[in-house]
Amino acid sequence: MAKKVRKPKSTPVKKGFTLKLSKQNKIILGGLLMILGVALFFSFVSFYFTWEDDQSVLSEFSNRNEQAENLLNKFGANVGHVVIYQGFGISSIIFTFLLFISGLHLFFSITKKGLLRRWIWGMVFIIWFSIALGFFAASKPLLGGMVGFEMNDFLQDYGGKVGVFLMLLFGLIIILVRLFQFSPDTAVNYINKKGKSLASELKSPPITKNNAPELSTNGGKMIAKEEEESPIVINTYTHKKDIPALEKEDIEDDFQINVGAEEDTIAMEVEKIKEETEEEDNISDKLVADFGEFDPTLELGNYKFPTLDLLDQHGAAGGITINQEELEENKNKIVETLKNYKIGIAQIKATIGPTVTLYEIVPDAGVRISKIKNLEDDIALSLAALGIRIIAPIPGKGTIGIEVPNKNATIVSMRSVIASSKFQKAEMQLPIAFGKTISNETFVVDLAKMPHLLMAGATGQGKSVGLNAVLTSLLYKKHPAEVKFVLIDPKKVELTLFNKIERHYLAKLPDSEDAIITDNTKVINTLNSLCIEMDNRYELLKVAMVRNIKEYNTKFKARKLNPNDGHMFLPYIVLVIDEFADLIMTAGKEVETPIARLAQLARAIGIHLIIATQRPSVNVITGIIKANFPARIAFRVTSKIDSRTILDAQGADQLIGRGDMLFTQGNDVTRIQCAFVDTPEIAKITKFIGSQRAYPDAHLLPEYVGNDESGTSIDYNISDRDAKFREAAEVIVIAQQGSASLIQRKLKLGYNRAGRIIDQLEAAGIVGPFEGSKARQVLVQDIYALDQLLSNETP
Ligand SMILES: Nc1ncnc2c1ncn2[C@@H]1O[C@H](COP(=O)(O)OP(=O)(O)OP(=O)(O)O)[C@@H](O)[C@H]1O
């Protein structure tokens, strides 16, 4: 039996062992070890009293008529004989303690830290004692056992009695130093302490013996004598009481360590918490397994994306046409012109784009780039062509670029960019195909990364087409469930075609008839409503413990967010404002403030702004707006100043118009030919989408009640109040926090409904007016005051 148990114990590789055992098995095995420890202890102790009588029984183990005197009968007599007589003698009792402690560790799932060390030291003790007793009490073989006796015999053959004695002494020193951290200093301290305690406490014989280990070999003998009765108990007693520093290492102290080890059970609790979270995952996993991931597109499951044939080729099917003559002519012109300024050219390379050709020049060695840069205007003048832009140097290349417009510009059709594999394969959240770069590559960017876009350009240079290109890109790539547009069109004519897709793609205020906003006062409400939507979305993100809309939607799709708690799939919202200058002129701060808020904060929650303006003056594109719109597009503008206002660089004044544009995302400026999408194409696309099954209504934004109508003057009829009005009022008053999300969470309502209730509460004078991102003030102190207020109301 003992061997069986020893195997797992003595294997230091306990990790595998721990992992394999379940909690129940640990308890069972722990219990077994403890009981075995106790059983062996009794059998060992009893062996000393009964071994003589039981001698005859040893060979009669299978004979049921024979009975042993040992407390554990023949089992005890045999085990005692094997372990004590043929083994280690009286020190074998330590083994029973080791078994018991191991059992305790398993039974209470205490970490096994230090257990191995105890076993090692325990075994060292057993062997040392066995040899020591074999040496000092050779006449009593039961004390040292056969091992002690034989080992002595063996060692004395080589080292003699003195040698063995010295070896034992050395062993004792090792044990004292390594196990008890014994040093001469501690011994002195210990003796001092002892002296004091002797004065105050009653003396007792065992305590006097405690000094023995360091006194002399005589002392050693005395201990041996004492041990004949109950050696371990004496040791324990000594250490516990008198040598606190040594306590931890004492064998019997294992029981005390258990108390400390109970702290380890806290670590076990942490494990439990982990299991709980796993369980949560499992529930969502189960949901996903049962119903599949949440599919936001399911409601319009049969929705068909617009087809490519709705878009025209615009006669550019054959690609770019530029003749060799033109290339040569331009090259010669450039070389000539630069020669006039004494700039030699080492190399020249042409990249033909749809509207312009880029001539990349490597000047002769020694020509300073700054010289070319200074001559920029003169060179442009000498080349005498509209739309020349000089880039000196081309960032990251060290060459100088001269962009010269092609005589016959090629229209980049929307169809070609939509059909490009770059766009088709784009794994972006809001991919936009703007057009083609100078090297004829389709230029695709992610609006979600921009995160907002400012477009400016003089009238007739391609802004509206640019906006249409953006919207078309999204229509070709995103399902109606994934993106919603808020369209603001003060000119009233540019975006009207999108009315047809109102119930698919547009978002609007609950009370408005038209989804496309053309009225400036409605713009203010819409922008503020978007701010509320933003706050609401942030609240949802906070509750879901995610950082952005992408993570939120992923979590929602994985069914880890419960719709009953107000969670829902959040579509991206793209706010498009055409003629922003006009809006700023009429509404000023009222528009600027919410736009600035949205621009600053809305990126993470999936609201993206696209602002287009004809007049890029500083009072329209103010510092705060500019700071939050790192992505900017400049179509042709009339002055360098305008170019600087938009791009913080010049160049937009040298564009050729008709969709020729510069795009910057903060660092380099890229020249792009905007894709052309004509009104009839938009009409076809919107018709195609509009004719399909749609949602019952446009996506509704949260209600916003303007400042002038705010306060208790909101005309909410008492009879029109929500059924949960009273409950919501109590929630708000108790929490003293006027937030819609609180109502939503506590009463498990949707956002819109919670928002309506908040408005009703405001009308009833229970909460104060909307204060931006802050919670509304609660105007009622307690439930009693609430009761009074509501009972005094007249219907
Ligand atoms: N990418 C393009 N490719 C070819 N032609 C274009 C492109 N963009 C615009 N155009 C031409 O320029 C004309 C004016 O474009 P657009 O209506 O977009 O200008 P705009 O800047 O919106 O003007 P406004 O500010 O007056 O509305 C278009 O009718 C079209 O003929």
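The values are calculated or read from the model by the stated rules, or taken from the named source; none is laboratory data. Here the structure is a predicted model, which is why all the values come from computation and not from measurement. Cβ sites come from the backbone with ideal geometry, for glycine too, and all protein chains shown count toward neighbours.
A few notes on this one:
- Residue within the range 574-592 that is within 16 Å of the ligand (Cβ to nearest atom) and in a loop (DSSP other than H, G, I, E, B) present: yes
- Residues satisfying the stated conditions in the range 768-780, i.e. touching a residue at least 12 places away in the same chain (Cβ under 8 Å) and either acidic (Asp, Glu) or in a loop (DSSP other than H, G, I, E, B) (or both): GLY768, PRO769, PHE770, GLY772, SER773, ALA775, GLN777, LEU779, VAL780
- Filter pass, THR399 being touching a Ser or Thr at 6+ places or on another chain (Cβ under 8 Å), farther than 20 Å from LYS640 by Cβ and surrounded by 15 or more Cβ atoms within 10 Å (Cβ to Cβ): no
- For LYS492, the conditions (1) under 24 Å from ASP514 (Cβ atoms); (2) out of contact with any helix residue (DSSP H, G or I) (no Cβ under 9 Å at 6 or more places or on another chain); (3) more than 16 Å from the ligand (Cβ to nearest atom) are fulfilled apart from (3).
- Considering residues of the range 432-445 that are within 16 Å of the ligand (Cβ to nearest atom) and of a type in the set (S, T, N, Q) only, the residue modelled with the lowest pLDDT: ASN440
- Tally, over the range 60-90, of residues that are out of contact with any Asp or Glu (no Cβ under 9 Å at 6 or more places or on another chain) and among the small types (Gly, Ala, Ser): 3
- The condition (being in contact with a Gly (Cβ under 8 Å, 6 or more places away or on another chain), within 25 Å of LYS484 (Cβ to Cβ) and within 16 Å of the ligand (Cβ to nearest atom)) is satisfied by just one residue among ALA652, ALA675, ALA683: ALA675.
- Flag if VAL546 is in the same structural domain as SER643 (by TED's automatic domain parsing), of a type outside the set (Asp, Glu) and surrounded by fewer than 21 Cβ atoms within 10 Å (Cβ to Cβ): yes
- The number of residues in the range 671-705 being of a type in the set (Val, Ile, Thr), surrounded by 16 or more Cβ atoms within 10 Å (Cβ to Cβ) and more than 19 Å from TYR303 (Cβ to Cβ) comes to 3.
- Residue among ALA426, ALA448, ALA469 that alone is in a helix (DSSP H, G or I), away from the ligand (no atom under 16 Å from the Cβ), more than 30 Å from GLY344 (Cβ to Cβ) and out of contact with any Ser or Thr (no Cβ under 8 Å at 6 or more places or on another chain): ALA448
- Checking TYR538 against (1) buried (at least 23 other Cβ atoms within 10 Å of the Cβ); (2) assigned to a helix (DSSP H, G or I), the condition it does not meet: (1)
- Some residue of the range 656-670 being away from the ligand (no atom under 16 Å from the Cβ), modelled with pLDDT of 85 or more, farther than 27 Å from LEU487 by Cα and buried (at least 18 other Cβ atoms within 10 Å of the Cβ): yes
- Of all residues in the range 495-535 being within 16 Å of the ligand (Cβ to nearest atom) and in a helix (DSSP H, G or I), the one that is surrounded by the fewest Cβ atoms within 10 Å (Cβ to Cβ): THR496
- Residue list for the range 76-105, restricted to those being in contact with a helix residue (DSSP H, G or I) (Cβ under 7 Å, 6 or more places away or on another chain), of a type outside the set (S, T, N, Q) and free of Cβ contacts under 8 Å to residues at least 60 places away in the same chain: GLY76, ALA77, GLY80, HIS81, GLY89
- Residue match in the range 71-91 (condition: at pLDDT below 85, under 24 Å from SER139 (Cα atoms) and among the charged types (D, E, K, R)): no
- Scan of the range 547-569 for residues that are assigned to a helix (DSSP H, G or I) and touching a residue at least 12 places away in the same chain (Cβ under 8 Å), ordered by number: ILE549, LYS550, TYR552, ASN553, PHE556, LYS557, ASN564, ASP565
- First in the range 453-475 and farther than 24 Å from ALA426 by Cβ and in contact (Cβ under 8 Å) with a residue 40 or more places away in the chain, second anywhere and of a type in the set (Val, Ile, Thr) and within 13 Å of the ligand (Cβ to nearest atom), Cβ under 8 Å, 6 or more apart: ALA456/THR613; ALA456/ILE633; ALA456/VAL637; GLY457/ILE633; GLY457/VAL637; ALA458/VAL637; ALA458/THR638; GLN461/VAL637
- Qualifying positions in the range 336-362 - in a strand (DSSP E or B) and not β-branched (Val, Ile, Thr): ALA346, GLN347, LYS349, ALA350, LEU358, TYR359, GLU360
- Sub-7 Å Cβ pairs linking a first residue in the range 595-622 that is within 14 Å of the ligand (Cβ to nearest atom) to a second residue that is small (Gly, Ala, Ser) and in a helix (DSSP H, G or I), at least 6 apart or interchain, are THR613/ALA581; GLN614/ALA581; ARG615/ALA581; VAL620/ALA581, ordered by first then second residue.
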